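First comes the structure, then the notes that go with it.
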Amino acid sequence: MRNFKDKVAAITGAGSGIGRALALDLAGRGTHLALTDIDEATLDETRGLAQAKGVKVTAERLDVADRAAFEAHAARVAADHGKVNLVFNNAGVTVTGNIAELPIGDIEWLMGINYWGVVHGTQVFLPHLEASGDGHVINISSVFGFIAVPGQSAYHSAKFAVRGFTECLRQELEVADSPVSATCVHPGGIRTNIARNARIGTPLPEGVGREDLATEFEKAARHSPEKAAGIILRGVERNKRRVLIGPEAYVIDWVQRLFPSGYQRLMIRAAKRNQTPLV
């Protein structure tokens, strides 16, 4: 896909962060948008900003974990816009906590959004992407789809799964000579609200609060959502199988390649030095 003008893109998690940045970048390129988010207030803000760029924008509240709602949404998008060329499965949340104490409900909540939301979004839009004759699925994993750190077992479970799902999808599309392609995205530290909206699944150490977790995350989040969106769209233009965002993403990728199990010792030392769980 060399040109985004007059294409139609569906974006989940479009109310803020990378989702909003993608919407505005694409709108500036002449792409029409179908936006969703669980937060209607922030979604409405994104819709207004995108519409100001002169493209058609539809927006609706969507729980990506709800398969029936996602199916109905995809049908409405195809009817409203006449076609769908791109789907960005971007919606994501996180849960911090040790496995032994993590409530099963928190794990199910995260997997419903971070993994099943990607599966639903891919499957319900795939027939429409095929019909367009020029389609692309973009699924957001993470650098935490390469390595694991203590305290993020649920997040890793989803992001490792998204990586495997998308790599398999890309191969199956190529075997079938499909007009649709797929890209898996692995962001490093991006300044989004994910840490501030996180669920805390186990008790924090004495004197440590939610704000401390958000502050720790923000120290490591060196890149803007706008920068991330630009890198993602360049990756789509080049039909890349994998898109890494930030120097730390490349470092983590290579560390895992060079020390596929040994890297865990580094993570253990880092976790013991920190007073707060890694996010």
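Each residue of the stretch 76-93 is assigned a 3J(HN,Hα), and the resulting list reads 5, 4, 4, 6, 6, 9, x, 6, 9, 10, 9, 10, 10, 8, 10, 4, x, 9 Hz, derived from the Karplus form 6.51 cos²θ - 1.76 cosθ + 1.60 (θ = phi - 60°), x at Gly and Pro. A simple spin-label model places pseudo-atoms 7 Å from Cα toward Cβ; at residue 226 and residue 61 they are separated by 3.0 nm. Under 5 Å between amide hydrogens, built in the peptide plane, is the criterion, and for residue 243 it picks out 184, 185, 186 among residues at least 5 positions away or on other chains.
Taking every DSSP bridge with both residues inside the chain, close to 0 percent are antiparallel. Just want the answer: with Cβ charges of +1 for Lys and Arg and -1 for Asp and Glu, which residue in 119, 255, 15 is farthest toward the dipole's positive end in the chain? Farthest towards the positive pole: 255. Rounded to whole numbers, the Karplus 3J(HN,Hα) couplings from phi for the stretch 248-260 are 5, 5, 5, 4, 5, 4, 6, 4, 5, 5, 7, 10, x Hz, using 6.51 cos²θ - 1.76 cosθ + 1.60 with θ = phi - 60°, and x at Gly and Pro. Free of any GluC sites (Glu not before Pro) that DSSP assigns to a loop and that have at most 12 other C-beta atoms within 10 Å, the longest stretch within the chain is 102-205. Among the listed pairs 5/83; 5/240; 83/227; 227/272; 56/159, those with a Cα-Cα distance over 25 Å are 83/227; 227/272; 56/159.
All of the numbers you see were taken from the coordinates with simple rules; none came from a lab. Model, not experiment: these values are computed from the prediction. Glycine gets a Cβ as well: all are built from the backbone with ideal geometry, and neighbour counts include every protein chain shown.
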